[in-house]
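Worksheet: one structure, shown below.
A short reminder: the numbers here are calculations on the coordinates, not readings from a lab. Because the structure is predicted, anything quoted here is derived from the model rather than measured. Counting neighbours? That spans all protein chains shown, and the Cβs are built from the backbone with ideal geometry, glycine included.
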Amino acid sequence: TPYARITGTGGYLPTRVLSNHDLERMVDTTDEWITERTGIKKRHIAEPDESTCDLAEAAARRALEMAGRRPDEVDLIIVATTTPDRIFPSTACLLQARLGANTGAPAFDIQAVCTGFVYALGVADKFIRTGSARCALVIGAETFSRILDWTDRTTCVLFGDGAGAVVLEADYEAGILSTHLHADGRYESLLNVPYGISEGQDRLIAGEGKVRMRGSEVFKIAVNTLGRIVDESLTANGLDKSDIDWLVPHQANIRIINATARKLSMPMDRVVVTVDQHGNTSAASVPLAFDVAVRDGRIRRDELVLMEAFGGGFTWGSAVLRF
Ligand code: ACO
């Protein structure tokens, strides 16, 4: 059976930048606090008329261009997002029409918050391995700024908007070696938007549908869980820590990234870090970081990459791949 191999990557960030100093004028915080506790210096914020699908389209077009594929060659679209344009249709369906991709091919969204891209990659990998798709577009895209409470300093400083995309194609030599997806719904209350369409719609309409997080509790569980997932990814492939060329972690907090790198005995110059520039872009963070390191020449063909993520649900997961 074929592997699913990444043949193109793309990223897109909205033009508008919000620095820590800008945030000092909005809530009771400081650049020092944000930098020290999170590693974040700035994040990008979408314009009011700029939607998740707009960001996804820009990232997707760049990934297709790198892969040398036309939209009409795409036979599967998966968009990982927590902030879809609409209740329905899915952002993936909106994007299929926008791109002029193969009509009739499946297109759907996946919701696993910050783990969304890794989930989407795991699902697309199975489509390609089983011959159900040959050329898949897998995207993480968010306008997370829309679900932030801009008066809550404990959350609004952490997140940003953006999109990252990859093209996955069947390849007989190498590609994704394994993906590992997990969830534990018992932790729902530590990180959520407490209202939605079918529960608390009145509160949603009243403007209360915003992210809530018990940050320090999430932090501890994230560090422990990501340590375990590193072991799981290596063991599943009979790999040693030293075999991994690049760690591409979810970009939530530099302290969580440092802890995972230590667990892998990985020097920080082998870890892709964008949290300082992008903040936490949820489902977009892993593919955006991957795209940055591919385009600046750090990650090269045939190198072994470990992607990992942890987020609301709780959900967590990893992917081991030969680029
Ligand atoms: N500026 C200044 N002070 C602040 C700010 C701020 N922006 N935010 C919180 N504080 C204060 C708190 O009120 C608290 O004050 P107190 O001691 O007087 O009560 C103090 O700083 C310490 O707060 P903690 O929450 O204990 O700080 P911590 O070191 O844990 O850092 C953070 C907070 C950055 C949120 C960290 O816990 C974290 O990164 N958590 C994990 C986030 C994450 O990975 N989420 C998962 C992915 S996100 C997703 O899936 C959507």
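What does the extension gain come out to for Lys126 and Arg262, with contour length at 0.36 nm per residue minus their alpha carbon separation?
Working: separation 136, 0.36 × 136 = 48.96 nm, distance 3.09 nm.
Separation in residues times 0.36 nm, less the Cα-Cα distance, equals 45.9 nm.
Using a 10 angstrom cutoff on alpha carbons, build the Gaussian network for the chain and name the most mobile of Phe290, Phe108, Phe117.
Phe108
Show that you can apply the helix-only estimate: for the chain, add -39,500 (n - 2.57) for every DSSP H stretch of four or more residues, divide by all residues, and state [θ] at 222 nm to the nearest 500.
Working: 10 runs with 103 residues, N = 323.
Dividing the helical sum by the residues of the chain leaves -9500 deg cm²/dmol.
Relative contact order of the chain, please, whole-number percent, based on alpha carbon pairs below 8 angstrom and at least 6 residues apart. Before the final figure, lay out each step's value.
Numbers: 796 pairs, mean separation 83.8, N = 323.
Relative contact order comes out at 26 percent.
Please give the FRET efficiency for Thr15 paired with Ser189, using the beta carbon to beta carbon distance and R0 = 30 Å, rounded to the nearest 0.05.
Numbers: r = 36 Å, r/R0 = 1.20.
The pair Thr15/Ser189 has a calculated efficiency of 0.25.
With a 10 Å Cβ neighbour count serving as the proxy for reagent exposure, in which order, fewest first, do His278, His250, His182 appear?
Working: His278 26, His250 31, His182 19.
Lowest to highest Cβ neighbour count: His182, His278, His250.
Non-local amide H neighbours of Gly175 (under 5 Å, H modeled in plane, Pro and chain starts lacking H): which ones?
Arg322
Each residue of region 298-310 in turn: what ³J(HN,Hα) in whole Hz from Karplus with 6.51, -1.76, 1.60 and θ = phi - 60°, glycine and Pro shown as x?
5, 7, 10, 3, 6, 7, 9, 10, 10, 9, 8, 7, 9
Taking the chain as a Gaussian network, where each spring joins two C-alpha atoms under 10 Å apart, which residue of Pro287, Pro14, Pro267 fluctuates the most?
Looking only at Pro287, Pro14, Pro267, the largest GNM fluctuation is found for Pro267.
Under a 10 Å cutoff between Cα atoms, tell me which one of Ile40, Ile256, Ile87 has the largest fluctuation in the Gaussian network model of the chain.
Checking each option, the largest mean-square fluctuation is seen for Ile87.
Would you give the gap between the C-alpha center of region 194-250 and the C-alpha center of region 50-85, rounded to a whole Å?
23
Using the count of nearby Cβ atoms within 10 Å as a rough guide to exposure, how do Arg214, Arg61, Arg25, Arg43 rank from fewest to most?
Details: Arg214 13, Arg61 16, Arg25 7, Arg43 30.
The order, fewest Cβ neighbours first, is Arg25, Arg214, Arg61, Arg43.
Averaging the inverse of every distinct alpha carbon separation and then flipping it gives the Kirkwood radius. What is it for the chain, in angstrom units?
On the way: mean 1/r = 0.0515 Å⁻¹.
One decimal place: 19.4 Å for the Kirkwood radius.
Count the lysine pairs in the chain that are 8 or more places apart or on different chains: how many have C-alpha atoms under 27 angstrom apart?
10
Is region 3-172 best put as rounded, prolate or oblate by its Cα gyration tensor, with a ≥ b ≥ c the root eigenvalues, rounded for a/c under 1.5, and otherwise prolate when a/b is larger than b/c, oblate when not?
On the way: a/c = 2.40, a/b = 2.12, b/c = 1.14.
In terms of gyration-tensor shape, prolate.
Could you list Ile244, Ile110 so that the one with the fewest beta carbons within 10 Å of its beta carbon is first and the one with the most is last? Don't skip to the answer; put the middle values down first.
Details: Ile244 21, Ile110 25.
Listed from fewest to most nearby Cβ atoms, that is Ile244, Ile110.
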